[in-house]
Amino acid sequence: MSTPSASASAAPQGAHPPLLELQGIRLAFKAVRAVEDVSFKVRRHEICAVIGPNGAGKSSILNIVSGVYRPDAGSVAFDGERRSHMLPRQTAQQGIARTFQNIAVFKGMSVLENLLTGTTLRFESSWLEQLLWLGRAKGAERREREHAERVLEFLELQPYRDAPVGRLAYGLQKRVELGRALAAAPQLLLLDEPMAGMNASEKQSMSEAILDVNRQLGTTIVLIEHDMRVVMDISDHVVVLDHGRVVGDGTPDEVRQNPDVLRAYLGSRRQAAQTQSQSAASDITDPPDASAILAASAPAASAASAAPAPSPASIAAST
Amino acid sequence: MLYSEAGQLSTDYLHGARRFRLRQERLEVLAVLVIAFVAVPAFADDYWLTAILIPFSILALAGLGLNLLTGFAGQLSVGSAGFMAVGAYTAYNVLLRLPGVPLLLAFALGGVAAAIAGVLAGLPSLRIKGFYLVVTTLAAQFFIEWVFTRFRWFSNDNASGLVSVPRLVVLGRDASSPLGRYLLTLSVVVALTALALNIPKSELGRRWMAVRDMDTAAAVIGIPVLRTKLLAFAISSFYCGVAGALWGFTYLGTFDPRAWELSRSFQILFIIIIGGMGSIMGSFLGSAFMLLVPIAMSHAGSALLGGSVDQGAIENYKKILFGLLIVAFLIREPGGLARLLRRARDRARIWPLRSW
Amino acid sequence: MNFFLETLIGGLLAGVLYSMVAIGFVLIYKASGVFNFAQGSLLLFAALTFVSLTERGFSFWVAFLLTLATMAVVAVLIERFLLRPLVARSPITLFMATLGLSYIIEGVAQALWGADVHGLDLGIDDVPFPIGPISVSRFDLIAAATAGLLVVGLALFAGRSRLGLSLRAVADDPLAALSLGVRLPKIWRWVWTLAGLVGLIAGLFWGSRSGVQFSLSLVVLKAMPVLVIGGFDSIAGALVGGLIVGASEKLAEVYIGEIVGGGIENWFPYALAIASLMVRPAGLFGERAIERV
Amino acid sequence: MTSLASPSSAANTGAAQTFPEWLAARAARQGDAVALRYKRRGLWHQESWRELEADVAALARGLSARGFAPGDRLLVDAGPGPTVFRVALAVLRLGGALLCGVPGGSGLGASDEIRFALAEDDAARARIGAAREAVGAGALELGIVLDGEDAVDASSAWLSLDALREVDDTASPLPPLPSPGTEGLVGLSARASLTQGAWLQSAQELLAAAGIDAGKRVFASRSLGSLALPAQLASLLGAWVVSGFALSFGETAATEDYDRREIGPHVVFGSEDGYAALVARTRQALPSGHGLEARWISRSLDGGGGPRALLRRFLVRRLREVVGLGHLERAVAVGGAGAAAAGFERLFGIAPFAWHASAGVPSTVGTLA
């Protein structure tokens, strides 16, 4: 544990061991240290919010847990199983699903097809059966389509069932991405800024959806969010990162009182504002404003491919 | 095409996985098949059969193969012609060296050999993406060309390097007549197309499209990206291989490696760009376009300029025209002819309304 | 031993010509992220225009400048009608577009200047030129020198001139560059013109070697492995890559070729390229982009 | 299918006068005919009259096992839909009454102690809870929640529909059939009730007037505004069992326009605002501006003689086809036809049949709609 406040609020464990436990995670891109010695626990069935200013390393944490990044040091324990690194596919098999900061839906496919891809790991038929449309192919297709339809209903996406996702509004695309993750029936759901760039009502319905997932399906959720109101409303547990370190860890109220958190927040708010003025690719600090995020985060994705050597600012954009 | 969907209620999730969802679409397809199998043989003359319809359906099949890889799985390849050559030479040597093997089986083996070649060419896609694949598939193209030119064994050690295919016998019946070759080609193409139509609505196709649209996300939801890509290479190349075998056997009859040079690969790539990436039917539209436009041009040319028309010039204008078309389609309608058709259909479906 | 050295040097010098083609390629890739398959056709077009002009009695330099002007016009057209409409489209789409472009350019070039082979004499006679124990072609040496100058020139240009600087800015971080008020269309027009110039020079050497004809556009196929080995976005890489390909190709032809029966120069560089891809996907000098989500 | 056109058919159904009797008669006469069609999770489900009767019986047993007795009232806060209609029939079988309206609204009085309630979803549950707080109602004996099954815990009074079906039926036998005089529907907002007899009576008049008979595909719009349910129950439930047509519901209010295309109904039941929405949407989808096509279309839709009249006839047919009314014979405007209904006729060439208080229903229920 990095800070006294964190160890102080070492949240009381239930009968089970924590579902997720990070220990001494470090990660650096070239010269930029994204994460330095981060450790925290996530209990089963809780909603844990990871907050912090831009460049605090929030997204990097999610990317490490879901196997997209490989940490330079430290380990992740999921469901009692400790590991230093895993491939994305393996984490999926373990029951971890996620959404991305810059929407990562399959734009060329319909909403239903997107949800169907979420069930891919449970699909019990060989490609040959599917090609010849024989054997288990039909049964599997029927089962998974039904499952996907349940998710579709759960998220009230029926009106868009066959619409190409690329043509949907931003908020809906986020919803579809959530649906794809849900279709995998995960134990742990990682949400990277699920409400970025949404208007008030979209945020409202999204937080309701998240709460429903947590309550009705009992899914454990770790989410990154900038909107403090949302965070305080829906999360049971808040972890605050700053410059790649944990500066706060506890219940929303505990965190609210925590002095270092406030300092980190106010301090870095200023610094973040500067980076923003420096680089177009920089992300937005809270409260996020829809148009601005749409403007900034969408190109940020293309910048990732175009820019060979990302400047610190643009890395910050994605963390 | 003024559809009425009344009463077509889907009561089973498999209806959503149908090749053609609406009754009307199924009827249209049926009509096309009847025309192809009954009307055409009744009316078409040998020129149309051998010079247009056979190459049309074969190129459509090859285009379909490439479309599976590029249009659905998002892996660009300029080695299609190479894989076609593998199919043709394999089929030839199977028939030559393993007497008693039925023709269709030889074609299938040609496809399998091509599939293997395809997987090998696809292996680098483990490490590399996008147009880097152009390089590896080009490598495959050149290597294959070289192998078949260099090692005469494949062409039965005959000095000219030309090989002539044996009589075409299917199920004991001779299929060497123009009509026979047409029907043989058509049957193979239709059968393989029917199979391909299963792909977009199946998990197989969804995995491909997922990898195409966003491979990181695909990996995160548990899709084995490399295996998926390789499978795409295998199946795609199988189609190209069979197409190659048909090209050699039912279209050319006598061939050497030059039948499958790089330009053929580009031709097939153009077929799917113009016809429509990610659309099975697009491959057919593109192929028809690719074959008919040049013919129309030379006819128009000789009609306008009288007999004295320089074929070289025609060639140039053909090139320019296709180049312009490629660019135009990529800019205006990446979905190609298939998308244009679909659009027209959807508009007709809700006319006079603009949206519904 | 001498034989080996001669083959090696000969290969290296031949490689220089590949590099020249590759450099034009790199310029465009750096500035607009386009994998420009049409580079070969540009080269053909430039050479063909130049030759036809000289055949019509223009002096070397006049023809050279006129050709350059033509290439500038072509660049403007390409920027306006190809790049601008396709901005922010997938790299694969852009690649296929340049494929189409190459067809257009070739078609136009031959429609304008005819399809027959034109001889081209730069007045550099291809006589052996003894260096110590071995002797190399004087032509090749001059080609090498020119390529060297080209690289140095481009390096200086990129380092000093305002355009060069903004060019680098674009290559490093397009969004940042945009926010700094760099005008991409302008950059693109310039870069494609520059690529045209490089293409012209390369075209002259190739042309005087093998005659100016349609097949000239196929050198692009030679350039591709060069790029993969050197890295798409490094001019130095293009130079080194070219040398490597040239040398290994010749050596392979001599030492491996006869074992497998020759004719391997078509695919050997590609095999080499794939091998290097497996080891260094970004190429020897290429920057490896970090994948961020 | 032989015409079971309304009043006359009462004869060959043994002069049925209550909902249970009519339902039984339907099951006996046309047991295999489709009674109910509804789309859920992308699939169309259909239920024959026989199946429907069996299901209603099961629900009725479940209800009575949970203490629902003749004369009891079920407070309903839900939009129109297949499940609500089933429950309604079960309640009517038991001789109970449906208490409709907006619980949140002023309607609820201290007089009615709410012991039974049906909620569409958790939101509705909350509303009902609040309403009961407001009037200080006693303990809830049974709550039925249609959506959010997962949320229901055994401890609470709330059951999912399936749970209700499973309640063991060896419990007390069903009470005797209700009499025509039994109160069946109570409108909260206007505090007026409708007996089963009067209800069915008005239904027969509606059928006779609108000329709707069995063998028709009837599409019940889900998007009818806040008073959707009472309006639909009052207008549709009776007509349904009396006439024996096949009643269809779309998946959600939002998907209705597509679902309608798939059903191709002969009759649609909508309300003024429902029709208004459809007309507005169609109008705004028509080609606009000064293009030749746009001009011709708008001019011909506004009517006129000669060629335009012809074109108009064609256009109208086409428009009906496109919005999924290709087979439409009758449109019923529940609660009276106003401007929107007129607009509907102008576009689709069929005048919605206005049905409201004047059609012999006590004015009170009319005010519901």
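The values are calculated or read from the model by the stated rules, or taken from the named source; none is laboratory data. Only a predicted model underlies this, so the values are computations on that prediction, with no experimental measurement involved. All Cβ positions, glycine included, derive from the backbone under ideal geometry; neighbour counts span all protein chains shown.
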Pick from D:Glu321, D:Glu293: which is at the interface with chain B (Cβ under 10 Å from one of its Cβ atoms), surrounded by fewer than 13 Cβ atoms within 10 Å (Cβ to Cβ) and without any contact (Cβ under 8 Å) to a residue 40 or more places away in the chain?
D:Glu293
Among (1) more than 22 Å from the chain's Cα centre (by Cα); (2) buried (at least 22 other Cβ atoms within 10 Å of the Cβ), A:Arg161 falls short only on (2)
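Have a look at B:Phe284, B:Phe322 and point out the one that is crowded, with 23+ Cβ neighbours inside 10 Å, of a type in the set (Phe, Trp, Tyr) and more than 10 Å from chain C (Cβ to nearest Cβ).
Criteria check complete, one pass: B:Phe284.
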Would a scan of region C:113-132 turn up a residue that is in a helix (DSSP H, G or I) and under 25 Å from C:Gly40 (Cα atoms)?
yes
Quick one: in region B:112-128, which of the residues that are in contact (Cβ under 8 Å) with a residue 24 or more places away in the chain and facing chain C (nearest Cβ under 10 Å) is surrounded by the most Cβ atoms within 10 Å (Cβ to Cβ)?
B:Ala121
Just one of (1) touching a helix residue (DSSP H, G or I) at 6+ places or on another chain (Cβ under 6 Å); (2) closer than 24 Å to B:Ala139 by Cα; (3) surrounded by fewer than 24 Cβ atoms within 10 Å (Cβ to Cβ) trips up B:Pro294, so point out which.
(2)
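Is it the case, given these coordinates, that A:Ala97 is within 30 Å of the chain's Cα centre (by Cα) and in a strand (DSSP E or B)?
For A:Ala97, the condition - within 30 Å of the chain's Cα centre (by Cα) and in a strand (DSSP E or B) - is met.
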When every residue in region A:100-137 that is assigned to a loop (DSSP other than H, G, I, E, B) and among the charged types (D, E, K, R) is compared, the one nearest to the other protein chains (Cβ to nearest Cβ) is A:Lys107
Residue that is surrounded by the fewest Cβ atoms within 10 Å (Cβ to Cβ), among those in region C:230-266 that are among the β-branched types (Val, Ile, Thr) and within 14 Å of chain B (Cβ to nearest Cβ)
C:Ile259
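Considering C:Leu86, C:Leu77, C:Leu82, which residue is under 13 Å from C:Trp192 (Cβ atoms), within 14 Å of chain B (Cβ to nearest Cβ), free of Cβ contacts under 8 Å to residues at least 40 places away in the same chain and surrounded by 18 or more Cβ atoms within 10 Å (Cβ to Cβ)?
Going through C:Leu86, C:Leu77, C:Leu82 in turn, just one is under 13 Å from C:Trp192 (Cβ atoms), within 14 Å of chain B (Cβ to nearest Cβ), free of Cβ contacts under 8 Å to residues at least 40 places away in the same chain and surrounded by 18 or more Cβ atoms within 10 Å (Cβ to Cβ): C:Leu82.
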Being of a type in the set (A, V, I, L, M), under 21 Å from A:Arg263 (Cβ atoms) and either within 14 Å of chain C (Cβ to nearest Cβ) or more than 13 Å from the chain's Cα centre (by Cα) (or both) is the filter here, so list the residues in region A:42-60 that pass it.
A:Ala56
Kindly indicate whether any position in region C:237-253 is at pLDDT below 80, under 22 Å from C:Phe4 (Cα atoms) and assigned to a helix (DSSP H, G or I).
no
Qualifying positions in region D:22-56 - among the aliphatic types (A, V, I, L, M), surrounded by fewer than 19 Cβ atoms within 10 Å (Cβ to Cβ) and assigned to a helix (DSSP H, G or I)
D:Ala28, D:Ala54
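Can you tell me which of A:Ala73, A:Ala77, A:Ala56 is closer than 24 Å to A:Gln93 by Cβ, touching a residue at least 12 places away in the same chain (Cβ under 8 Å), assigned by TED's automatic domain parsing to the domain that holds A:Gly248 and not polar (S, T, N, Q)?
A:Ala77
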Matching residues, region B:138-169, being within 10 Å of another protein chain (Cβ to nearest Cβ) and either in a loop (DSSP other than H, G, I, E, B) or within 19 Å of B:Ser80 (Cβ to Cβ) (or both):
B:Leu138, B:Ala139, B:Ala140, B:Gln141, B:Phe142, B:Phe143, B:Ile144, B:Glu145, B:Trp146, B:Val147, B:Thr149, B:Phe151
Just to be sure, is C:Ser276 within 13 Å of chain B (Cβ to nearest Cβ) and of a type in the set (S, T, N, Q)?
yes
Positions within region B:200-222 being at pLDDT 95 or above, under 13 Å from B:Gly278 (Cα atoms) and at the interface with another protein chain (Cβ under 7 Å from one of its Cβ atoms), in sequence order
B:Arg206, B:Met209, B:Ala210
Could you please tell me which pairs satisfy a Cβ distance under 6 Å, a separation of 6+ or placement on different chains, a first residue in region D:22-49 that is within 14 Å of chain A (Cβ to nearest Cβ), and a second residue that is aromatic (Phe, Trp, Tyr) and not in a helix (DSSP H, G or I)?
D:Tyr38/D:Phe249; D:His45/D:Tyr38
Any pair with Cβ under 7 angstrom, 6 or more apart, that starts in region B:203-214 at a residue that is surrounded by fewer than 24 Cβ atoms within 10 Å (Cβ to Cβ) and ends at one that is among the charged types (D, E, K, R):
B:Asp213/A:Lys107
Just a yes or no: is a residue in region D:186-196 on the phi < 0 side of the Ramachandran plot and at pLDDT 90 or above?
yes
Going through C:Leu204, C:Leu221, C:Leu216, C:Leu227 one at a time, which residue ends up being modelled with pLDDT of 85 or more and away from chain B (no Cβ under 14 Å)?
C:Leu204
Residue check for D:Gly136: surrounded by 16 or more Cβ atoms within 10 Å (Cβ to Cβ), at positive phi and modelled with pLDDT under 80
no
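Would you be able to say whether some residue in region A:70-86 is among the hydrophobic types (A, V, I, L, M, F, W, C), facing another protein chain (nearest Cβ under 10 Å) and closer than 28 Å to A:Leu155 by Cβ?
No, there is no match, as no residue in region A:70-86 is among the hydrophobic types (A, V, I, L, M, F, W, C), facing another protein chain (nearest Cβ under 10 Å) and closer than 28 Å to A:Leu155 by Cβ.
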Here the residues within region B:71-82 that are out of contact with any Ser or Thr (no Cβ under 6 Å at 6 or more places or on another chain) and outside any loop (DSSP other than H, G, I, E, B) are B:Gly71, B:Phe72, B:Gly82
Could you tell me whether A:Pro164 is closer than 21 Å to A:Ser110 by Cα and free of Cβ contacts under 8 Å to residues at least 12 places away in the same chain?
no
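Of C:Gly283, C:Gly263, which residue is part of a loop (DSSP other than H, G, I, E, B), free of Cβ contacts under 8 Å to residues at least 12 places away in the same chain and either on the phi > 0 side of the Ramachandran plot or in contact with a Lys or Arg (Cβ under 7 Å, 6 or more places away or on another chain) (or both)?
When all the criteria are applied, what remains is C:Gly263.
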Please name all residue pairs, on different chains or six or more residues apart, with Cβ atoms under 6 Å, provided the first residue is in region B:1-29 and is away from chain D (no Cβ under 11 Å) and farther than 22 Å from A:Glu146 by Cα and the second residue is assigned to a helix (DSSP H, G or I) and at pLDDT below 90.
B:Met1/B:Arg345; B:Met1/B:Ala348
Qualifying residues in region B:325-339 (those that are touching a residue at least 12 places away in the same chain (Cβ under 8 Å), part of a helix (DSSP H, G or I) and more than 8 Å from chain C (Cβ to nearest Cβ)) - the one surrounded by the fewest Cβ atoms within 10 Å (Cβ to Cβ):
B:Arg339
